[in-house]
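Trainee: To start, I am sharing the structure in question, which I have written as structure tokens.
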Amino acid sequence: MNDVGRQSKRQELARIATRMRWLILNATGRAGSGHPTSSLSAVELMSCLFFGGFFRYRLDEPGHPNNDRLIFSKGHASPLFYALWTAAGALSQEEMMTYRSFGSPLEGHPSTAFPYTEAATGSLGQGLSIGVGMAMNAKYLDRLPYRTWVLLGDSEMAEGSQWEAIELAAHYGLDNLVGVIDVNRLGQRGETMYGYDLDAYRRRVDAFGWRSLVVKDGHSFEEVEDAYQAATEPGDRPVMVIAHTVKGKGVPAVEDKNGYHGKALEGEDLEKALAGLGEVDHQARGVMLEPEDRHPERPAPGGDVGAPEYQLGDKVATRNAYGNALLRIAGRFPSLVSLDGEVSNSTRAGFFKEAHPDRFFEMYIAEQNMVGAALGLAMRGKLPFVSSFAAFLTRAFDQIRMSQYSEPNLKLVGSHAGVAIGEDGPSQMGLEDLAMFRSVRDGVVLYPCDAVSCERLVECAASHRGIVYLRTTRGGTPVIYSTEDQFGVGGSKVLRSSGNDRATVVAAGITVHEALAAQEELQSKGIPVRVIDLYSVQPLDGETLAAAAKETGALVTVEDHHAAGGLGEAVAIALAGMTMRFRSLAVRTKPKSGKPQELLSLEGIDRTAIVDAVRALI
């Protein structure tokens with residue numbers, strides 16, 4: 001393009017940018033809330049990206065596999081996000097004015113209710129990890145040339161998860177990933193850590209192995225265009241564009257002034273701001289380049305996956321069964337990928353790694369980024385199984401919590417759960433994970449007690465659409481199920497019962513075996529009890545539980561987990577309103593190192609404690 005053509009293009013971009021500012025101010029003004037100043041600072045950055053010849057996207061096909069991806073990590077700049085798509089023609093001006101209204105897909109922070117949102121954002125420090133997952137998918141799985149762009153705020157660069165993502169992106173050589181830091185100096189309550197010290201960002205980004213491009217004036221289309229041109233040239237590293245911008249740009253009354261974060265302009269202030277924009281071309285629209293019409297290879301699902309291969313009485317750790325199950329079902333689920341946080345030799349995800357190294361990603365000890373990247377993979381059609389110690393997944397709960405708003409097909413597996421891990425001590429004992437995952441809307445929580453049930457529940461997890469958590473155990477437990485037994489989400493197994501049962505013991509995982517031992521002892525004393533393996537903690541089998549409570553009149557739950565948020569609470573809620581005697585056995589004292597059986601005894605969740613609880617109730 002010659003100089004005349006470039007000048008004409010920049011004038012067109014300027015008209016689009018003015019219209020976008022008008023949209024941002026009006027939409028937030030009508031809503032009476034939002035973040036207009038954070039949006040105004042990045043108008044040139046985003047309009048130049050979309051309409052300057054750098055972003056390739058089929059507007060009428062948001063799901064096209066080779067579309068470039070755009071993630072607003074600074075999700076509070078949603079007015080800019082929606083204005084951008086309005087300028088592209090995906091939204092009408094009238095639709096844009098429904099921003100933040102009840103029932104509108106244009107929510108306060110981007111969510112997948114709006115079809116052009118790649119993943120829900122808004123909790124800062126997460127968008128780059130999602131971008132890492134999408135870029136990994138393009139480079140290593142789908143092998144497509146699409147590029148992933150992530151708009152970042154300068155405030156959120158203080159989040160450790162950003163640097164986890166930056167480090168891993170460099171490790172995997174994600175040359176198809178571009179971050180854009182909108183350095184507008186002001187956060188919610190004042191200046192950011194580095195203010196306008198662009199070199200501070202550059203030094204840090206470069207030190208992690210990225211290629212940084214500094215834009216001294218992020219409102220100059222010429223400078224922004226030059227940076228994007230350099231960012232899209234072939235290379236071997238991810239790229240970070242670091243742009244100096246002005247918060248509230250285009251509205252002199254609020255430009256670069258503290259105290260306007262999250263404040264919409266209304267009334268006379270809004271009218272003055274709009275008048276200051278000058279002439280607005282409400283027909284100004286931009287055009288994005290078309291992506292190549294390329295699609296990934298989609299291997300056909302394999303045939304029969306067979307059955308688990310165990311003998312009754314074999315002592316097998318459910319974590320081993322998890323690894324075996326991934327191997328067994330890999331053919332049926334060709335989109336299945338495994339991510340692990342440098343503990344695959346313990347979680348047994350290593351079995352899959354050895355057999356399918358092209359479908360395994362080592363994410364190292366950076367659990368927040370691991371979950372965020374898994375979300376990115378899930379949103380590009382992959383079936384991620386994320387594994388780590390149950391205790392360590394708590395670090396990533398914000399990413400897990402946020403992922404539910406993207407409606408992903410995401411599986412998480414926590415091993416080494418509970419005091420039953422023994423000598424490693426309390427720092428390694430996942431005792432909060434059931435509560436954490438039960439709080440996820442529509443989340444499924446599965447807790448197998450033996451190798452057969454574990455393998456079958458891995459199959460259930462892979463087949464179920466949504467977020468699933470599977471809890472596995474470190475030590476070996478006896479196989480109690482036949483390989484012909486079937487399991488399902490929302491199910492349970494009645495392991496012992498009679499017409500004369502005087503109480504019911506409800507257990508899951510390691511405590512199922514304690515419950516069975518307690519049942520034998522009570523039976524020998526002439527006290528018949530029912531034992532239920534509640535392997536699906538959420539959703540749970542309320543019908544079976546209610547029948548047991550009604551028929552036996554007394555119910556004991558026992559779990560290797562804190563009482564708060566665990567199996568006992570789940571059962572109590574399910575049976576609320578029923579008349580029965582109830583007792584919850586759970587981890588209630590500070591655990592310590594010791595033999596697994598010593599710790600089960602210490603916490604009052606072993607067979608002796610169960611016997612005592614039943615006898616006390618009846």
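Trainee: For residues that are small (Gly, Ala, Ser) and at negative phi, scanning just the range 252-300, find the one that is modelled with the lowest pLDDT.
Mentor: Residues of the range 252-300 that are small (Gly, Ala, Ser), as a first pass: 253, 259, 262, 264, 267, 273, 275-276, 278, 284, 286, 300.
This time we only want the ones that are at negative phi, so: 253, 264, 273, 275-276, 284, 286, 300.
Numbers: 253: 96, 264: 96, 273: 97, 275: 96, 276: 96, 284: 95, 286: 96, 300: 86.
Out of the qualifying residues, it is 300.
Trainee: Looking at the range 457-515, what strands (runs of 3 or more DSSP E) fall wholly within it and have at least 1 residues that are small (Gly, Ala, Ser), touching a helix residue (DSSP H, G or I) at 6+ places or on another chain (Cβ under 9 Å) and on the phi < 0 side of the Ramachandran plot?
Mentor: 476-478, 503-507
Trainee: Can I ask one more? Say whether the condition of being in contact with a helix residue (DSSP H, G or I) (Cβ under 8 Å, 6 or more places away or on another chain), in a loop (DSSP other than H, G, I, E, B) and more than 20 Å from residue 21 (Cα to Cα) is met by at least one residue in the range 227-246.
Mentor: yes
Trainee: Here's another thing I want to ask about it. Within the range 191-206, restricting attention to residues that are hydrophobic (A, V, I, L, M, F, W, C) and surrounded by 13 or more Cβ atoms within 10 Å (Cβ to Cβ), which residue is nearest to residue 256 (Cα to Cα)? Break it down into steps so the answer makes sense when it comes.
Mentor: Step one: list which residues in the range 191-206 are hydrophobic (A, V, I, L, M, F, W, C), which gives 193, 198, 200, 205.
Remaining after also requiring surrounded by 13 or more Cβ atoms within 10 Å (Cβ to Cβ): 198, 200, 205.
Working: 198: 16, 200: 20, 205: 25 Å.
Residue satisfying both the conditions and the ranking: 198.
Trainee: Being within 32 Å of the chain's Cα centre (by Cα) and farther than 22 Å from residue 493 by Cα: is that true of residue 595 here?
Mentor: Working: within 32 Å of the chain's Cα centre (by Cα): no; farther than 22 Å from residue 493 by Cα: yes.
Answer is no for this residue.
Trainee: Before we move on, is residue 266 surrounded by 13 or more Cβ atoms within 10 Å (Cβ to Cβ), more than 27 Å from the chain's Cα centre (by Cα) and farther than 30 Å from residue 411 by Cα? It would help to see each step written out before you state the result.
Mentor: Numbers: surrounded by 13 or more Cβ atoms within 10 Å (Cβ to Cβ): yes; more than 27 Å from the chain's Cα centre (by Cα): yes; farther than 30 Å from residue 411 by Cα: yes.
Yes, satisfied.
Let's see how each residue does on (1) touching a residue at least 40 places away in the same chain (Cβ under 8 Å); (2) of a type in the set (A, V, I, L, M, F, W, C):
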{"residue": "319", "(1), (2)": "yes, no"}
{"residue": "322", "(1), (2)": "yes, no"}
{"residue": "341", "(1), (2)": "yes, no"}
{"residue": "345", "(1), (2)": "no, no"}
{"residue": "352", "(1), (2)": "no, yes"}
{"residue": "356", "(1), (2)": "no, no"}
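Trainee: Being outside any loop (DSSP other than H, G, I, E, B) and closer than 14 Å to residue 403 by Cβ is the filter here, so list the residues in the range 104-129 that pass it.
Mentor: Of everything in the range 104-129, those that are outside any loop (DSSP other than H, G, I, E, B) and closer than 14 Å to residue 403 by Cβ turn out to be 127, 129.
Trainee: Any chance the range 9-31 includes a residue that's more than 19 Å from residue 121 (Cβ to Cβ), touching a Ser or Thr at 6+ places or on another chain (Cβ under 8 Å) and not in a helix (DSSP H, G or I)?
Mentor: no
Trainee: If you check every pair at least six apart or on different chains, which have Cβ atoms under 7 Å apart with a residue in the range 272-283 that is over 18 Å from residue 86 (Cβ atoms) and of a type in the set (Lys, Arg) first and a residue that is at pLDDT 95 or above and in a loop (DSSP other than H, G, I, E, B) second?
Mentor: Matching pairs, first to second residue: 272/253.
The values are calculated or read from the model by the stated rules, or taken from the named source; none is laboratory data. Worth saying up front: this structure is predicted, and the values here are computed from it rather than measured. Don't worry about glycine lacking a Cβ; one is built from the backbone with ideal geometry, like all the others, and counts go over all protein chains shown.
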